[in-house]
1. LYS77 versus (1) of a type in the set (Lys, Arg); (2) in the same structural domain as ILE108 (by TED's automatic domain parsing); (3) in a loop (DSSP other than H, G, I, E, B): which is the lone unmet condition?
2. Could you figure out which of (1) buried (at least 16 other Cβ atoms within 10 Å of the Cβ); (2) assigned to a helix (DSSP H, G or I) isn't true of ALA27?
3. Assuming THR52 fulfils every condition listed in (1) within 16 Å of ligand 1 (Cβ to nearest atom); (2) under 25 Å from PRO100 (Cα atoms); (3) at pLDDT below 90 apart from one, which condition is it?
4. Among the residues of the range 58-73, what is the count of those that are at pLDDT below 90 and of a type in the set (Lys, Arg)?
5. How many residues does the range 44-53 hold that are on the phi < 0 side of the Ramachandran plot and loosely packed, with under 14 Cβ neighbours inside 10 Å?
6. ILE85 versus (1) in contact (Cβ under 8 Å) with a residue 60 or more places away in the chain; (2) more than 16 Å from ligand 1 (Cβ to nearest atom); (3) surrounded by 13 or more Cβ atoms within 10 Å (Cβ to Cβ): which is the lone unmet condition?
Amino acid sequence: MPCISLVTGKKLPSYRTKAIAKKAEKAARKKGYRLITYGCRNCNGWHLAHRTHYRTDCEAGCRCLKGIPKKEYKTEKDAIKTSSIISEKRGIKMWVYECPKQEDTWHISSQSGATPKKKKRRKRSPEARERRRRRRAAKRKQ
Ligand SMILES: [Zn+2]
Ligand SMILES: [Zn+2]
């Protein structure tokens, strides 16, 4: 599976070694691009990412089922945009969920990925809340 840019959806150039990637990073810097070199777990190569688009791993330590740290998205919109690019390019359904360990952080997961249970629970939660509200109201009347 080739790596794709989560910003443009295009195929991501992959560098075989860190040294080669660093060289490309330096060449880009001369042209005024601020890039980050990072090792890729998908293709075992190295890629360059724009600093503004580079996602760090979840600070709370969330991992997917394979044990790979999850990327942090600071807004739901950002996560949805990225998930739709992945869905389109890879033909797999992705969904966005809020980090269970910290606020204002969002993660993307494929359905076979991490914590699908949380989404199911979320779907039911409005009814559950309504039931709780009714129970509390009944208690007050007593
Ligand atoms: Zn890659
Ligand atoms: Zn997290």
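1. LYS77 satisfies every listed condition except (3).
2. (1)
3. (1)
4. 1
5. We begin by selecting, within the range 44-53, every residue on the phi < 0 side of the Ramachandran plot; these are 45-53.
Next, from what is left, pick out any that are loosely packed, with under 14 Cβ neighbours inside 10 Å: 50-52.
Residues flagged as on the phi < 0 side of the Ramachandran plot and loosely packed, with under 14 Cβ neighbours inside 10 Å within the range 44-53 amount to 3.
6. (2)
For every residue, the table says whether it meets (1) within 16 Å of ligand 2 (Cβ to nearest atom); (2) among the small types (Gly, Ala, Ser).
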residue	(1), (2)
MET1	no, no
SER5	no, yes
ALA21	no, yes
ARG29	no, no
THR56	yes, no
GLU59	yes, no
LYS70	yes, no
LYS74	yes, no
LYS77	no, no
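The values are calculated or read from the model by the stated rules, or taken from the named source; none is laboratory data. Values in this document were obtained by computation on a predicted structure and should not be read as measured data. Using ideal geometry, Cβ is built from the backbone for each residue, glycine included, and neighbour counts are taken over all protein chains shown.
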